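*Asks:* Once you've had a glance at the structure underneath, I'll fire off some questions.
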Amino acid sequence: MDEAVLYDRLVGLMFLLAVVTFVLLQFVSAPYGRHEREGWGPRLPARLGWVLMESPSGVGFAVIFASSGGFGAGWGPVALFAMWQVHYAYRTFVFPLRMRGGRAVPLIVVGLAFAFNCLNAYVNARWIGHFGDYPSDWLLDPRFLIGLLVFAAGFGLNLHSDAVLRRLRRPGDTGYRIPQEGLHRHVAAPNYSAEIVEWMGYALAAWSLAGLGFAVYSIANLAPRAVQHLRWYRETFSDYPSGRRALVPFVF
């Protein structure tokens, strides 16, 4: 099969997986973190699990991009590569190393995430490194500039939201408390809100179906989990603020 045909089908698969994931998450919550529960098979330590399942997104993406000739394709692809790597250097290595009290992750969750991240890394790295067309002035294009600003805002919010949760725990502590800082004052899962903002920004900056596919999948995956977070907080803490929403302040 011609690679271009295979590529188009894999991008289509991204959108299909978004629909399937969204539907499944209406009936079951992924069994990790605060939603961890028995009956999901063997588990890995939290740090190891995070590094393994996120590694294709950073390492795999870099290998595919380099082997596609991306570093010689101009500053546009290199800038998009840098945006992607900034996020996944943090999410794959910095975040798990700074994690406090993380709970073991079921091996099946790690495996499914690893497989999806392989697909996601391929379609996005191959696009910006090979199939995409980014002229020499792409870095001045309004789509790139606005997308970069949106991505940067989401990434900054992501860092802050994670830091707020981390400060709630002392070393060795595995319990949960109600966060009261930043966007946590308005929504139950601001780190998910931030991730969605990031990938919407990236999709605009890359102006690709692959980038859009990942943004759509992020919404399909994280929005239901944010709702589950909100429900969990309300069931766990009787004094949880009633005005907080799941993902979008004052709206949802």
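No lab work stands behind these numbers, since they all come straight from the coordinates. Please read all numbers here as calculations on a predicted model, not as lab measurements. So basically every Cβ, Gly included, is an ideal-geometry build from the backbone, and we count neighbours across all protein chains shown.
*Asks:* Note the full-extension length gain between D133 and I146 as 0.36 nm times their separation in residues minus their Cα-Cα distance, in nm to one decimal.
*Replies:* 2.8 nm
*Asks:* Output ³J(HN,Hα) for the range 53-58: one whole-Hz value per residue in order, computed from phi by the Karplus curve 6.51 cos²θ - 1.76 cosθ + 1.60 with θ = phi - 60°, and x for Gly and Pro.
*Replies:* 6, 8, 4, x, 5, x
*Asks:* Here's another thing I want to ask about it. Can you list residues from other chains, or at least 5 along the same chain, whose modelled amide H is less than 5 Å from the amide H of L44?
*Replies:* The answer is V105, L107.
*Asks:* Mind checking the alpha-carbon convex hull of the range 1-77 and giving the volume per residue in Å³?
*Replies:* 180
*Asks:* With Rg and the Kirkwood Rh both taken from Cα atoms, where does Rg over Rh land for the range 41-97?
*Replies:* 1.11
*Asks:* Separate question: Rounded to the nearest 10 degrees, what's the angle between the helix 3-24 long axis and the longest principal axis of the chain, both from Cα atoms, 0 to 90?
*Replies:* 20
*Asks:* While we're on this one: Which distance in nm do the two modelled labels at F250 and R166 give, with both placed 7 Å along the Cα-to-Cβ direction?
*Replies:* Calculated label separation equals 3.1 nm.
*Asks:* Report the full-extension gain for the segment M99 to E3: residue separation times 0.36 nm, less the Cα-Cα distance, to one decimal in nm.
*Replies:* Difference between extended and current length: 30.6 nm.
*Asks:* Related question: Starting from the Cα of A115, step 7 Å along the direction of its Cβ; do the same at F22; then give the gap between the two resulting points in nm.
*Replies:* Taking the two extended label points, one gets 2.2 nm.
*Asks:* With θ set to phi - 60°, apply the Karplus curve 6.51 cos²θ - 1.76 cosθ + 1.60 along the range 192-201 and write out the HN-Hα couplings as whole Hz, x wherever there is a Gly or Pro.
*Replies:* Values, residue by residue: 6, 4, 5, 4, 5, 4, 3, 6, 5, x Hz.
*Asks:* What nm value, rounded to one decimal, do you get for the distance between A153 and D239 when each label is placed 7 Å out toward the C-beta?
*Replies:* Computed distance between label sites A153 and D239 equals 3.4 nm.
*Asks:* Right, next: Name the residues whose placed amide hydrogens come within less than 5 Å of the amide hydrogen of V187, ignoring near sequence neighbours (fewer than 5 apart) on the same chain.
*Replies:* Amide H neighbours of V187: R245.
*Asks:* What is the angle, in °, between the Cα long axis of helix 107-126 and the longest principal axis of the Cα atoms in the chain? Nearest 10 is fine, range 0 to 90.
*Replies:* That helix lies at roughly 30 degrees to the long axis.
*Asks:* Further question: Provide the per-residue ³J(HN,Hα) series for the range 162-169, in order, calculated from phi with Karplus coefficients 6.51, -1.76, 1.60 and θ = phi - 60°, each as a whole number of Hz, with x at glycine and proline positions.
*Replies:* Result, ordered by residue: 5, 5, 4, 5, 5, 5, 6, 10 Hz.
*Asks:* Show me the ranking of peptides 28-34, 195-201 by mean Cβ neighbours inside 10 Å, starting with the highest.
*Replies:* The peptides rank, most packed first, as 195-201, 28-34.
*Asks:* Express in whole angstrom the spacing between the alpha-carbon centres of the range 13-86 and the range 155-196.
*Replies:* 20
*Asks:* Give the span of the chain's Cα atoms along each principal axis, as three whole-Å numbers ordered largest to smallest.
*Replies:* Projected onto its principal axes, the Cα set of the chain covers 55, 39, 34 Å.
*Asks:* Another question, if that's okay. Work out Dmax and Rg for the range 112-225 from the C-alpha atoms and quote the Rg first, both in angstrom.
*Replies:* Cα radius of gyration and Dmax of the range 112-225 are 16.6, 51 Å respectively.
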